[in-house]
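The values are calculated or read from the model by the stated rules, or taken from the named source; none is laboratory data. As the structure is a prediction and not an experimental result, all values here were calculated from the model. We place every Cβ from the backbone using ideal geometry, glycine too, and count neighbours over all the protein chains shown. Calculation scope for accessible area: heavy atoms of the full protein, side chains included, ligands and nucleic acids excluded. Shrake-Rupley method; radii C 1.70, N 1.55, O 1.52, S 1.80 Å.
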Amino acid sequence: MRLIINRWHRHDEPALEKVEQGMKMPVFARLPNNFKQVSEANVRGDSLKQDGEPLSAEFHKMATRLAGQDLAKQTKKSRLGQFFSL
C-alpha cells in the first residue's frame, strides 16, 4: 500500500506530517494541484504529459518508482527510442 497525495500544496505539509505519523507510513508521492491543466486535458481528451510541468514530472517520478526503476539512471531517448520502449 502506498500513500499518494493528490492536489498537493506546500502549505499541506504540517497536516501531512501528522498523517504520516498516524498511519506510520511515509507519503510515497505528492501530485501538485494543477486544476487548469487537468481540466483542459480532460475536455480535449488529451494527455497530461507536458514537458516542464510539475504535475507531469511528478507522475513520471511516481511511475518510475512504482516500476522499481532508478530515475537517475534513465537516459534521454530519441523520439524513435521512446516510440519503441515498453
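Worth a mention:
- Sparse-neighbourhood loop sites, trypsin sites (Lys or Arg not before Pro) in region 24-69 - DSSP loop, at most 10 other Cβ within 10 angstrom: Lys24
- Inter-part distance where region 10-46 and region 47-69 are each reduced to a Cα centre, Å: 13
- Where Asp51, Asp70 fall by accessible area, highest first, once all protein chains stay in place (1.4 Å): Asp51, Asp70
- Here Lys49 is the anchor, and the aspartates and glutamates within straight C-alpha reach of less than 13 Å, apart from those fewer than 8 places off in the same chain, are Glu40, Glu58.
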